Each structure stands twice: as structure tokens, then as C-alpha cells.
Amino acid sequence: MSDKIAYARHGDIAVLTIQNPPVNALSQAVRHGLMERMDQAESEAGVRAVLIVGEGRAFIAGADITEFGKPPMEPSLPDVINRIEASPLLVVASMHGVSLGGGLEVALGAHYRIAVPSARIGLPEVHLGLIPGAGGTQRLPRVAGIEAALEIMTTGRHVGAKEAAAMGVIDVIQDGDQTENGIAYTQKLLDDGMPRRPVSEMPVPAAIDWDAAFNAILAKGRGQISPAHCVRAVQASVEKPFLEGLAAERQIFIDLMGTDQRQGMIHAFFSERAVGNLPELKGVTPRALDHIGVIGGGTMGAGIATAALLSSIRVTLLEMTADAGEAAHGRIAGNLSGALKRGKISADQHDAILNKALSVSTDYASLSDADLVIEAVFEDMDVKKQVFTKLDAVCKKGAILASNTSYLDINEIASVTSRPADVIGLHFFSPAHVMKLLEVVVADKTAIDVVATGFDLGKKLKKISVRAGVCDGFIGNRILATYRTAADQLIMAGASPYDIDAALEDFGFAMGPFAVADLAGLDIGWAVRKRKRAEAGIEGVSTYADKMCEAGNFGQKTGKGYYDYAAGPKARVPNPDVMPLIEADRAAASAGGKTFTSDEIVRYYMAAMVNESAKVVGEGIARRPLDVDMTLLFGYGFPRYRGGPLKWADIVGLDGLLADIKSYASDDADFWAPAPLLEQLVADGKKFETLNT
Ligand code: 3HC
Ligand code: NAI
């Protein structure tokens, strides 16, 4: 008999307890066990009802995702759920923790549902590139109505017990132990003579305009297809008898299982969890993080301070002058009132943070007891060195000194201190209290427990932390610089910024590179170009991009950049001054005249991204391909359903990409020098994913 499903009798009730830690995923053994235990309950004398509960932290988190992409194993989940629902016994589910995907589908196969107040339900299959495949699209509309059911399955969001009860998904909410509650509730149902109540036998709601719903959801998905397919499955629930609807749902589920989008999203699911899991950090105790200092309260410093404060960490922010301190305080207060408005914190928490947890100072002595200080001053090596020299003098022994620099050399910064082992890069993304990515930049002498503390900070701040080595731009900005250069090459060859943005937005990026540049501020790139030219001793160069800045057009913040924002930030009307400047550069370089299809633009841009990513992995700046993938996903708007640039490369084929890279080398041999790692993988007939373990 199954050891995944414990069986116990409580009078007339058979209690089936799922025991498959950590989250009771519905593996083949669990499905098989549920079948066996249902048989047992039905064959035992005196059993009138079955109660299904989960042991540990959840009822059931869904199908076992590790089985996806492998040959199907009997019994299938729809068969298990149909068998549960068809039982002559009264079946009750008692839910706690999460009931997601197949977990909610099992609960909907029961005849009644009770849950603790903290329970959450959901159908998150769309986040895996799928639709619910075990009756969720057929049963949920019968219980909650079409509108609510479609909203739940197309967003994949978690729904709290109270809301789920209001929708009719949960019958009773009761605090306490899920098994005891479930037994008492089932007994009451028996005592009251309540009948079996199979959801499949409930009437279906009225039809809606299916094509309109499909098109609206498809348009919202930015190329992701699975949410729209939920509509077709729900349509089948209304238009077909139950079993035929179920078969239609299963067919869509199986079709989606074969897509690249499913592969990309499942890669993202597991990589998101693996990225912070570094073997060298096993057993390493992080240092304390009760009090953090932040130096510089501009865009980044204020955002970093906000993120720490929202995670209950005390912050001392240091600015140059009292006025600058006041401005920084204002920025943080603005961020916090946004968090209050969105319901992320209560009014009491908001006041406590501003009055107690945050202090603003102009005196370095106020940082003397900080556990970690993050510097976010101007991007200038001399200024950074001055700050670190002062920090070294005032900070307590064991305090970690971190820089939020975007590009500068952490080893050089560390060299001005007497404690390079305590120095690390913590590279946040703007806005720092919103963006999920944190690059933990490990310098040559950084101590291992300092690295562990960087990851611990990321966890406390609910970020996705990626380990990066030192180089110009670390993982993300280095790769960004390369694919931006590829975009600039396309422009010189004949593509317009607007063609490029449109092609990449069709590919799935939230925004194309030129719209992003306008949002971030064109002055940032201008400053970098000027610095690099000065370092290389180049004078008198002014490209079209420099000329836009010279004219005071820095993007959204000045109202004009590549686009004209006179009609609002979303209007994005091409700025008519830009193309003449580009034409002038093309004429001066005797370039231009080529035309590109959207596919050609995407291929060129992605080839540059993949080639540089392979160099970043090959040089050990990123440990694994998945570290690059997660950096691009969480920091640079790369479409999640494509998994990341290296997952995308694996899917489209490395040999074809390498051939393209070699063909582009006629434009610029240095820039397009193939990454040795890419050449090696092609020679060995391997994929990037072989390096992820
Ligand atoms: N299958 C296999 N493993 C799973 C899993 C699942 N459904 N859900 C979680 N896990 C694993 C995680 O990979 C992780 O493993 P690790 O410790 O080796 O890294 C471990 O369980 C714990 O997970 P988390 O670290 O994510 O723990 P949290 O407490 O932060 O979150 C959770 C728990 C909310 C359940 C979250 O893991 C989650 O959202 N899981 C996915 C839920 C899901 O997508 N369910 C639908 C599956 S598809 C389906 O059911 C198809 C059906 O319609 C036919
Ligand atoms: P910013 O110009 O908005 O803010 C810098 C702040 O530092 C100013 O408020 C200034 O008064 C203060 N400051 C300067 N010197 C100081 C000193 N010696 N002591 C105390 N305060 C001082 O700059 P921003 O954008 O916040 O950038 C800060 C750092 O973060 C830079 O290194 C930048 O490269 C990096 N960064 C910026 C990102 C962005 O998108 N803006 C993203 C990630 C990193």
C-alpha cells in the first residue's frame, strides 16, 4: 500500500493524508496512492465519507513539475480526480497552505471544501506556459462563474480563503488544524444528511463573447499564448458535455506541453530557485544585518533604503549636505507612501518606519555601528575611493562595505581600504525597491561569509540574487552594452530605432532598447561614452546619440529623446529630429541603405546577446548559463516565456547561431569574435543547459 498517502479511520470517515514533502506535489506515486486509498475506503465496511488533507506546509502545490516533458505515467491526474468525484462516498477536502494547480483541481473533485483562513488557492499553470489540465477549466467556472474563473486562471494569482469563499470555491472557513477541522466538518455533513455534490454535475454558466475574450487576453500576453488558451478550454466547458469539455482541455494542455514557451517558463521556474543556491555557500553563516547604512540618497540610495526599511531593517542614510539629506528623506517618504497606498504596509508601519527605523545624517560617525554600508554616490572612481576611505576609518570591525556601482572595478575600490575581504558589490536595479534583481559582485579578496551576507540581504529584501564576478558592467550591464552596440550597428546599417523597438517588443521584451534608453535617461550612456573616450584619449567625437544629449534631450525626463513625450509617457511618438541626425552619421560613414525584416533585427540583436553571454559564462563572470538567464529576466525585461537568452539559444539551436555570428563578423570582426564557449559547445554537440548543474 502507498506510503505517500496515510490512511486512518475516524468512525465513518476515512482520512487520506498526503505525505509528499515539501509541498505535496502530485507525483505518480501520490496519484497512484490516492487511487489505492479511495479503493480501500470504498471497500471497508462502515465508511461513509472520505476526507482528503495534506501533511506539512500545504494541501497540494499542484502537479509534480519535474515530471513535465517526460513520458506520461498512469494514472493520469484527470482520471484520479474523476475517480474521487465519482465515488459513492461523500468526499471532503480540508485545505491549508496552498492549493495550486492540480491541488485546487483535486479539491474541486471533492464534494465539499473547508479551509483555514490563511489558505490560498490558485491555478498558476499559465506561469509554466500551460493551462490547468485536470479539470480546472471545466469545474471552476461551474463553481465561481466564467468571469472569476478566467481571471484566476489567466493571471495565475493566489486567491486568499476569504475571497475564494465569496466566489463559492470554499464552503467553510475555520481556524485550527486542517485534519481536526476536516473531520468535524465531514461528520456534520454526514449528520445533516448532506448529499454528494459533484461539481461536474452543476449547471454551466451562460456563454460570453469567446473570440473577444481570447483576443483581449492574447493582446495582454505580449506574445505569451497560454493565458488566451484558457479561454478556449472554458468555452468547451460551456459548449460541450462535461467529459468532452475535459477532453478538449486535456488536448490544449498536451499541445502546450510541447511548446517552447512551456520549456522556457519551466526553465525560469527552476532557475529562479537555483540561482541563489551556490555550493560554496552551504553551511556558511551570514553576518548580522540589523542596521544598514546607505551613502547617497539619490535615485538608487533612496530606493535601496526603501527596500531595506520595507523589510524591517533599520537604515541610516548619509548625504553630503542637510539639504541633500532632506531631499533624500523626501524621496524615501514618497516611496513609502506609494507602498502604503498599494496596501504593502499599514499606516502604523508607515509611521514607525519614518519615525523610528530611518535616520538621515551628514556625519560618518553615525555609521559606526552599521552592519553593512551600501554606497550609492556618483559613478566616479575618485568619489567612490574617498567614500570608502572614510568608511574604512569609521565602520566597526566586521562591517561589510558595499558599492552599488554599475560598472566600476570593485577590486580597485577595495584596495583603498584596510579590509578588502569585507568589500563587495551589491548592484541594485532602478527603482531599487521594485526591481527584483540584485547582482552580488564578488571581488578577488571578498570573504565567503561576506558573499553569504549579500545573498542573505537579497533574501530579506525578496530579491533574486545572482553571483557575478568583476568586469566592466558585471553580468547584466556588460551584456547590455554589447546588444546595445548591435542595435547601434543596425541603425548605422539602415534600421530605424523605431523598427528595432517594434521588432523586440514583438519578440516579447517589455520595451525596446531605445524606449528603455529614453526611460533610463540618455545622459547615463552619454556620460559613459565620454568617460571611455577620455580614458582612450579620443577627442572631438560626437555621434547622433551625443548630439541628442547636447541638445538637452535626455529622454522621458526632458520630454524628448528617441520619442516625443509631449502627449504623455505612453504616447511614444517618434521624435522627428532623430532620423536626420542618424542620416548625417550614416552619410559621414558612407553607411546605411540596408533594410531589415523584424526577424533579421531580432536574430542580429539576440546573436550579440548570446555571444556576449557565452563569454561572460566562459570567463567565469557568471557561474552558470542560468545565472545569465535570470539576470536578463529579472533586470532587463527579457520575456520570461523564452526562459532567458541562453535557454532561447538552446531552443533555436547553437550551431545556426554560431554560423550567423561568423557571417556578421564581416561587419566588425572584433565585435563579432565568436565566444570560445559557444564554439566548444557546438563542436561537442552540447547545449548551454548541460552547464547548469
Ligand atoms: N512540483 C515539483 N516541485 C515543486 C513544486 C511542484 N509543483 N512546487 C514546488 N516545488 C519544489 C520547489 O522546486 C522547491 O524545491 P527545492 O527546495 O529543491 O528548490 C521546493 O518545492 C519548495 O518550493 P519553494 O522554494 O518555491 O517554496 P515556497 O514556500 O517559496 O513556495 C509554492 C511554495 C508556493 C508552492 C511554490 O513552490 C510554487 O508556486 N510552486 C509551483 C506551483 C504550481 O505552479 N503549481 C501548478 C503546477 S502545474 C499543474 O498543477 C498542472 C495541472 O493542472 C495538471
Ligand atoms: P544620483 O545622482 O541620483 O544620486 C547620487 C547621490 O549621491 C546624490 O544625492 C548625491 O548628493 C550623493 N552623493 C554624492 N557624493 C556623495 C558623498 N561623497 N557622500 C554622500 N553623498 C554623496 O545617482 P544614482 O542614479 O542614484 O546612482 C548612484 C550609484 O548607483 C552610481 O554608482 C550608479 O552608477 C549606480 N546605479 C545607478 C542606477 C540607475 O539606474 N540610476 C542603477 C544601478 C546602479
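Remarks
- Every listed requirement among (1) within 16 Å of ligand 2 (Cβ to nearest atom); (2) assigned to a helix (DSSP H, G or I); (3) not basic (Lys, Arg) is met by residue 433 save one, (2).
- Checking each residue in segment 281-328 for being of a type in the set (Lys, Arg) and touching a residue at least 40 places away in the same chain (Cβ under 8 Å) picks out 287, 314.
- Exactly one residue out of 87, 99 is among the polar types (S, T, N, Q), at pLDDT 95 or above and surrounded by 22 or more Cβ atoms within 10 Å (Cβ to Cβ): that is 99.
- Only a single item in (1) among the charged types (D, E, K, R); (2) assigned to a helix (DSSP H, G or I); (3) within 30 Å of residue 519 (Cα to Cα) is not met by residue 280, and it is number (3).
- Note on segment 392-425: among residues that are near ligand 2 (Cβ under 10 Å from one of its atoms) and of a type outside the set (Gly, Ala, Ser), the one that is nearest to residue 297 (Cα to Cα) is 404.
- Residue in segment 293-308 that is hydrophobic (A, V, I, L, M, F, W, C), farther than 29 Å from residue 628 by Cβ and surrounded by fewer than 17 Cβ atoms within 10 Å (Cβ to Cβ) present: no
- The condition of being farther than 19 Å from residue 486 by Cβ and either part of a loop (DSSP other than H, G, I, E, B) or among the polar types (S, T, N, Q) (or both) does not hold for residue 669.
- Test: residue 93 is assigned to a helix (DSSP H, G or I), in contact with a strand residue (DSSP E or B) (Cβ under 8 Å, 6 or more places away or on another chain), closer than 26 Å to residue 157 by Cβ and more than 16 Å from ligand 2 (Cβ to nearest atom): no
- Pairs where the first residue, in segment 335-353, is assigned to a loop (DSSP other than H, G, I, E, B) and the second is among the small types (Gly, Ala, Ser), C-beta under 9 Å, 6+ apart: 344/338; 345/339
- Qualifying residue in segment 298-311 (condition: away from ligand 2 (no atom under 16 Å from the Cβ), of a type in the set (Val, Ile, Thr) and either under 29 Å from residue 442 (Cα atoms) or not in a loop (DSSP other than H, G, I, E, B) (or both)): no
- Close pairs from segment 4-24: first within 11 Å of residue 53 (Cα to Cα) and open to solvent by less than 40 Å² (accessible area, probe 1.4 Å), partner among the charged types (D, E, K, R) and within 16 Å of ligand 1 (Cβ to nearest atom), Cβ under 8 Å, at least 6 apart: 6/55; 17/55; 18/4; 18/55; 24/55
- Residues of segment 111-150 satisfying the condition of being of a type in the set (Val, Ile, Thr) and open to solvent by less than 20 Å² (accessible area, probe 1.4 Å): 114, 116, 121, 126, 131, 137, 146
- From 244, 249, 201, residue being buried (at least 20 other Cβ atoms within 10 Å of the Cβ), of a type in the set (D, E, K, R) and closer than 26 Å to residue 83 by Cβ: 249
- Members of segment 25-51 that are among the hydrophobic types (A, V, I, L, M, F, W, C) and open to solvent by 50 Å² or more (accessible area, probe 1.4 Å): 45
Here is a yes/no grid of residues against (1) more than 27 Å from residue 556 (Cβ to Cβ); (2) of a type in the set (Ser, Thr, Tyr); (3) touching a residue at least 60 places away in the same chain (Cβ under 8 Å):
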position: 583; (1), (2), (3): no, no, no
position: 595; (1), (2), (3): yes, yes, yes
position: 623; (1), (2), (3): yes, no, yes
position: 642; (1), (2), (3): no, no, yes
position: 664; (1), (2), (3): yes, yes, yes
position: 670; (1), (2), (3): yes, no, no
position: 674; (1), (2), (3): yes, no, yes
position: 687; (1), (2), (3): yes, no, no
position: 691; (1), (2), (3): yes, no, yes
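- Taking segment 153-228 as the region of interest, the helices (runs of 4 or more DSSP H) fully inside it that hold 3 or more residues being under 29 Å from residue 265 (Cα atoms) are 161-167, 210-220.
- Helices (runs of 4 or more DSSP H) wholly inside segment 487-594 containing at least 1 residues that are open to solvent by 60 Å² or more (accessible area, probe 1.4 Å) and not hydrophobic (A, V, I, L, M, F, W, C): 497-507, 522-535, 544-550, 578-588
- Out of 109, 103, 97, 160, sole residue that is in contact (Cβ under 8 Å) with a residue 24 or more places away in the chain, more than 13 Å from ligand 1 (Cβ to nearest atom) and in the same structural domain as residue 41 (by TED's automatic domain parsing): 160
- Of all the criteria given as (1) within 25 Å of residue 626 (Cα to Cα); (2) part of a helix (DSSP H, G or I); (3) open to solvent by 20 Å² or more (accessible area, probe 1.4 Å), the one not satisfied by residue 265 is (3).
- So residue 667, is it modelled with pLDDT under 95 and open to solvent by 40 Å² or more (accessible area, probe 1.4 Å): yes
- Selection within segment 436-461 - away from ligand 2 (no atom under 16 Å from the Cβ) and either open to solvent by less than 10 Å² (accessible area, probe 1.4 Å) or within 22 Å of the chain's Cα centre (by Cα) (or both): 450, 451, 452, 453, 455, 456, 459, 460
- Qualifying residues in segment 355-376 (those that are open to solvent by less than 40 Å² (accessible area, probe 1.4 Å) and in a strand (DSSP E or B)) - the one farthest from ligand 1 (Cβ to nearest atom): 361
The values are calculated or read from the model by the stated rules, or taken from the named source; none is laboratory data. Note that the structure is predicted; figures quoted are calculated from it, not measured. With ideal geometry, Cβ positions are generated from the backbone for all residues, glycine too; neighbour counts draw on all protein chains shown. Accessible surface is based on the protein model in full, side chains and every heavy atom, while ligands, DNA and RNA are left aside. Shrake-Rupley method; radii C 1.70, N 1.55, O 1.52, S 1.80 Å.
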